[in-house]
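Since the structure comes first, as structure tokens, the remarks are kept for the end.
The values are calculated or read from the model by the stated rules, or taken from the named source; none is laboratory data. Here the structure is a predicted model, which is why all the values come from computation and not from measurement. Counting neighbours? That spans all protein chains shown, and the Cβs are built from the backbone with ideal geometry, glycine included. For accessibility, only protein heavy atoms count, side chains too; no ligands or nucleic acids. Shrake-Rupley method; radii C 1.70, N 1.55, O 1.52, S 1.80 Å.
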Amino acid sequence: MTVTLATTTIKHFINGAESAGEGPRRQPVYNPATGAVCAELHLANGADLDSTVAAARAAADSWGDTSLAKRTTVLFAFRELVAAHVDDLAALITAEHGKVLSDARGEIGRGLEVIEFACGIPTLLKGDYSDQASTGIDVFSFREPLGVVAGITPFNFPVMVPLWMAPMAIATGNAFILKPSERDPSAAMLLARLWKDAGLPDGVFQVLHGDRETVEGLLTHPDVDGISFVGSTPIAQYVHETATRHGKRVQALGGAKNHALVMPDADLDNAADHLSAAAFGSAGERCMAISVAVAVGEAADLLVAKVEERALAVKVTIGTEPDADMGPVITADSRDRIVRIVTESADAGAVMVVDGRDLVVPGHEDGFWVGPTVLDHVTTAMTAYSEEVFGPVLVVVRVPDLAAGIALINANPYGNGTAIFTSSGAHARTFQRAVSVGMIGINVPLPVPVAYHSFGGWKASLFGDRHIYGPEGVSFYTRGKVVTSRWPEPAAESGASYNFPST
Ligand code: NAD
């Protein structure tokens, strides 16, 4: 397949074809490395929403009735097409998000894992059967699709997060509507083409671009049965409350403030390497990025010196450069907010170890740049600690011992990911059992679960009771049926009993 995407106008993908829709509103899409507008995005109105949901509703019944064998064939074909288009998808991600190409390829790799997991759908949907549950009675259970489900996704993983949702929703027999981030929407359009080329019927995967208005329309539409959301905490909470009130099943993943605790017995070089990569990779715009280093006791001075060395060595430039470690942040507003938070915290007494506020990338002066920044002696009252910075900023909080570090982590309102660096199995075990966080790394800084487990945080990082992808994804996109069945021989029929049968 030749990739021919409109570079100046990005339309919706409705019922198997690109569509300008009827909505008159447009929004610019920027290349964050140059600051230039690279495309104009169509935003949906109410009529576009209605036609998209109607196409999904029409497609859902027949797709839900399509055999597991046929669905699996489409998923395998889609897997092959995504794998064949990794470079095309990565180029779109880097052009609109700014992350470096190798990292863009990495996020597609994590998305591919979910497609591969979804290829096992016949096994994943096998029900349970109890023969002779009562005399002459069998009981069996199985799961059916919800119907029409929508995914609302953030800017920071324009391929991986949609692939956390769509392969699971589609494999389980649903029609899926993707409302991608309006900041980097092009990769979603290529995914739509690949689904179509894989043989997916029209209307089963659609892309509807929009902002708050479109999201609100999806959350309240009577023909939408389920909502998967990934984004910031205030919006996640609003999405969960609104869609739940409108009778939908909802999973809404929110923001994060991920702490990595470093014990004095850790290999500090290894810890500093990982902290730097986990704090500054993708310009810190990862929901699992490490943004707080919790330095325990005598580890602190040495650790800060080693992290400083690594932060200064990070190569920040346009993401298509082969030696780039880190690209720009997503918008000028985001850059200004990050700089404001760093300045406020320094003014409040944090020690500036590495200052990335004034970074200039020669040749790309209009890009949205912030360099790696390290703040030491940060307290919980400072905004660099209390806010989700979502930029290349690592704050160091010093604590006297493991118990104080765990107490700090548990007092934080977020609970997405956390990590411990230690050479002690006892410390690691205490940590893994005591922290109120959904995903934990032991000498692993970014503990994003593999696709056959599920991904989800605790507290303000997830609203709803099911994690995303993996076994919990199968459960989220389906609902259970239990059949109690009796086929008596005509001669053996002896009438109904007025008692609750127990034998
Ligand atoms: P965001 O909340 O601004 O946007 C997410 C989605 O919600 C987008 O599609 C956007 O169009 C829509 N949206 C934005 N404002 C809205 C409003 N007022 N009403 C309705 N919809 C609205 O998030 P973002 O800036 O795109 O992404 C970064 C955030 O996402 C960070 O907080 C990050 O931690 C979080 N995130 C979390 C996870 C996770 O797994 N928990 C993963 C990735 C990103």
Residue match in region 189-197 (condition: over 16 Å from residue 89 (Cα atoms), in contact with a helix residue (DSSP H, G or I) (Cβ under 7 Å, 6 or more places away or on another chain) and either among the small types (Gly, Ala, Ser) or open to solvent by 10 Å² or more (accessible area, probe 1.4 Å) (or both)): no
Check on residue 289, more than 16 Å from the ligand (Cβ to nearest atom), small (Gly, Ala, Ser) and at pLDDT 95 or above: no
Count of residues meeting criterion [surrounded by fewer than 15 Cβ atoms within 10 Å (Cβ to Cβ) and in a helix (DSSP H, G or I)] in region 411-429: 4
Filter result for residue 177 (farther than 27 Å from residue 225 by Cβ and in contact with a Leu (Cβ under 8 Å, 6 or more places away or on another chain)): no
Any chance residue 248 is buried (at least 19 other Cβ atoms within 10 Å of the Cβ), modelled with pLDDT of 95 or more and within 14 Å of the ligand (Cβ to nearest atom): no
Residue identified as of a type in the set (S, T, N, Q) and closer than 30 Å to residue 359 by Cα among 422, 380, 430: 380
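I'd like to check which helices (runs of 4 or more DSSP H) are fully inside region 293-399 and have at least 3 residues that are open to solvent by less than 10 Å² (accessible area, probe 1.4 Å) and either touching a Phe, Trp or Tyr at 6+ places or on another chain (Cβ under 8 Å) or not charged (D, E, K, R) (or both).
299-313, 332-347
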Count of region 129-144 residues which are at positive phi and in a strand (DSSP E or B): 1
Condition broken by residue 155, with the remaining ones in (1) open to solvent by less than 10 Å² (accessible area, probe 1.4 Å); (2) within 16 Å of the ligand (Cβ to nearest atom); (3) of a type in the set (A, V, I, L, M, F, W, C) satisfied: (1)
Selection within region 164-221 - within 11 Å of the ligand (Cβ to nearest atom) and β-branched (Val, Ile, Thr): 214, 215
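Table: residues versus (1) open to solvent by 20 Å² or more (accessible area, probe 1.4 Å); (2) free of Cβ contacts under 8 Å to residues at least 60 places away in the same chain; (3) aromatic (Phe, Trp, Tyr).
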residue: 86; (1), (2), (3): yes, yes, no
residue: 94; (1), (2), (3): no, no, no
residue: 103; (1), (2), (3): yes, no, no
residue: 148; (1), (2), (3): no, no, no
Failed item in (1) surrounded by 18 or more Cβ atoms within 10 Å (Cβ to Cβ); (2) free of Cβ contacts under 8 Å to residues at least 24 places away in the same chain, with residue 115 passing the rest: (2)
Looking only at region 273-286, and only at residues there that are within 24 Å of residue 360 (Cβ to Cβ) and crowded, with 22+ Cβ neighbours inside 10 Å, the one that is farthest from the ligand (Cβ to nearest atom): 276
